[in-house]
Amino acid sequence: MEKITWRGTPGVGDFMWALNSAHNYSADRKLKVNLEFHWEHGEDYLHHPEDPETIIERLDYIHNFYHRKDDVVVSHVFNSTDRYTDWKFSDDVIYPEDSHKPRVITRQIPKARFWFESGSYSDEEGSDAPINDWTFRRDAYREIDTKKVVVWTPQFNAETPRSWKNFLTDSEWRDIIKLLRRAGMNIVELSYRTPVREAMYHISTCRLVFCYDGMWHYIARNFNRPMVVVSPEGITTYHNPQALKVSPFRDKPNNIFSLSKNISDFLGKPKRLTVEYERKVMRKLWAT
């Protein structure tokens, strides 16, 4: 059994990135992995007072749905004093009360994110990121509601997301949601306060996810659900390779405002991408 350690954060996407990377590594090397998360807090920590469960409870629940779940043994180090203490979550956030507009943090603190015992992947700048293709087990998939569209926006986050995740105003999000409703879609909005069981159920049964790059996005990836992600960044392709990435800027090609004028494309283009991703990646993973 090889050991991988990973810095834990309040984000579901961060621990699912770790799980996906560890499972892909395990399958590729044909060995079991001990994935050890390091947390700057205790086991019962709630990042927001309205959180319905801890990040540990969310991790345990989601991992139960993973394909070949037992190949990766998850362990935790709470109140860690290991290599990840050079960075704290509070060093790298924007709180809503600081500003009503997105802004860029200019002071970046170097932060260790992961460590592979084998040295196969390095966290050094310029190194290749771990391969993170993975999936939920086949019997976790549910029948799709062709009228359901799942949405999440930055509106109810505990902290304001980075500027590149937050270019659309709340009014712009609402206008696009209205267009989807007029087209006959039933909108289900999720937030970080949504219980993990509800998030899993709604994403697994929806026709489309419309969101910014974050929050529950790895659940949509592991279910290979069609996604429209509002992001101009290349990192979105790494975390959401099956998604249709659209620009938040009206003067750029492939922007969300142009796409939203054609509901047929809004629903059809991301679906075609997921079909292609399943053919190239998902079937191979299920065959392992």
Check your understanding: Filter the stretch 55-73 for residues that are assigned to a helix (DSSP H, G or I) and of a type in the set (Lys, Arg); which is nearest to ILE4 (Cα to Cα)?
Key -> LYS69
Check your understanding: Which residue pairs have Cβ atoms closer than 7 Å, lie 6 or more positions apart in sequence or on different chains, and pair a first residue in the stretch 254-283 that is outside the structural domain of THR169 (by TED's automatic domain parsing) with a second residue that is surrounded by 14 or more Cβ atoms within 10 Å (Cβ to Cβ)?
Key -> none
**Study point:** Complete set of residues in the stretch 238-253 that are without any contact (Cβ under 8 Å) to a residue 40 or more places away in the chain and surrounded by 14 or more Cβ atoms within 10 Å (Cβ to Cβ)
**Key:** ASN240, GLN242, ALA243, LEU244, LYS245, VAL246, SER247
Study note, to complete from the structure: Output for Cβ contacts, cut-off 9 Å, separation at least six or different chains, first residue of a type in the set (Asp, Glu) in the stretch 1-16, second assigned to a strand (DSSP E or B), reads GLU2/VAL33; GLU2/ASN34; GLU2/PHE116; ASP14/TRP6; ASP14/ARG7
Review point. When the residues of the stretch 195-215 are filtered to those that are of a type outside the set (D, E, K, R), under 17 Å from THR54 (Cα atoms) and modelled with pLDDT of 95 or more, which remaining residue is surrounded by the most Cβ atoms within 10 Å (Cβ to Cβ)?
Key: ALA199
**Study point:** Scan of the stretch 9-27 for residues that are touching a Ser or Thr at 6+ places or on another chain (Cβ under 9 Å) and acidic (Asp, Glu), ordered by number
**Key:** none
Check your understanding: Looking at the stretch 31-54, which of its residues are among the β-branched types (Val, Ile, Thr) and part of a loop (DSSP other than H, G, I, E, B)?
Key -> THR54
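The values are calculated or read from the model by the stated rules, or taken from the named source; none is laboratory data. Quick caveat, the model's predicted, so the values are computed rather than measured. As a convention, Cβ positions derive from the backbone with ideal geometry for all residues, glycine included, and neighbour counts pool all protein chains shown.
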